[in-house]
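S.K.: Dropping a structure here in structure tokens format, bear with me for questions.
The values are calculated or read from the model by the stated rules, or taken from the named source; none is laboratory data. Nothing here was measured: the structure is a model prediction, and the numbers come from that model. Cβ coordinates were reconstructed from backbone atoms using ideal geometry, including for glycine residues, and neighbour counts include every protein chain displayed. We work out accessible area using only protein heavy atoms, side chains counted, and drop any ligands, DNA or RNA first. Shrake-Rupley method; radii C 1.70, N 1.55, O 1.52, S 1.80 Å.
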Amino acid sequence: QVQLVESGGGLVQAGGSLRLSCAASGRTFSSYAMGWFRQAPGKERDFVAAISRSGGNTFYGNSVKGRFTISRDNAKNTVYLQMNSLKPDDTAVYYCAAGSTFGTRSMAQYEYWGQGTQVTVSS
């Protein structure tokens, strides 16, 4: 089992930055690919970013590419999401997830989920 806890969300003005963290506990963290998803009220949960087990490969959703960066520190059992040039459309609850396969943006492929952290971007 893996437990995931997100932190770092908050309120920021458009154009600002936030760094989200996801701390993992349980069985070997480095054996999992990691992803970030987000969900706004009344909308489905959307893919944001993914990173391979070693951290050597990443990919992003089209709406955040060039603005967000996912990274991980396996020694600290932590994955990060650096969010720059934030827009009001980025407002959502952000979820960290762990899965066995890298390269998917499907929510169903992730086995473990954090509780989410709220990000609100004002205009």
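S.K.: Is it fair to say S71 is part of a loop (DSSP other than H, G, I, E, B) and either open to solvent by 30 Å² or more (accessible area, probe 1.4 Å) or at pLDDT 95 or above (or both)?
M.R.: Against the criterion (part of a loop (DSSP other than H, G, I, E, B) and either open to solvent by 30 Å² or more (accessible area, probe 1.4 Å) or at pLDDT 95 or above (or both)), S71 does not qualify.
S.K.: Hey, another quick one. Among the numbered criteria (1) within 17 Å of A92 (Cα to Cα); (2) in contact with a helix residue (DSSP H, G or I) (Cβ under 8 Å, 6 or more places away or on another chain); (3) small (G, A, S), which single criterion is violated by S54?
M.R.: The one condition S54 does not meet is (1).
S.K.: Let me ask you something else. Looking at region 79-109, which of its residues are buried (at least 22 other Cβ atoms within 10 Å of the Cβ) and over 18 Å from F68 (Cβ atoms)?
M.R.: If the condition is that a residue be buried (at least 22 other Cβ atoms within 10 Å of the Cβ) and over 18 Å from F68 (Cβ atoms), then A98 is the only one that fits.
S.K.: What residue, of L18, L11, is among the aliphatic types (A, V, I, L, M), under 17 Å from K65 (Cα atoms) and touching a residue at least 60 places away in the same chain (Cβ under 8 Å)?
M.R.: Just one listed residue meets the conditions, L18.
S.K.: Is there a residue being free of Cβ contacts under 8 Å to residues at least 24 places away in the same chain, within 21 Å of V12 (Cβ to Cβ) and not β-branched (V, I, T) anywhere in region 51-65?
M.R.: yes
To keep it simple, each residue is scored yes or no on (1) acidic (D, E); (2) over 12 Å from the mean Cα position of the chain (by Cα).
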{"site": "A33", "(1), (2)": "no, no"}
{"site": "A40", "(1), (2)": "no, yes"}
{"site": "E44", "(1), (2)": "yes, yes"}
{"site": "T91", "(1), (2)": "no, yes"}
{"site": "Q109", "(1), (2)": "no, yes"}
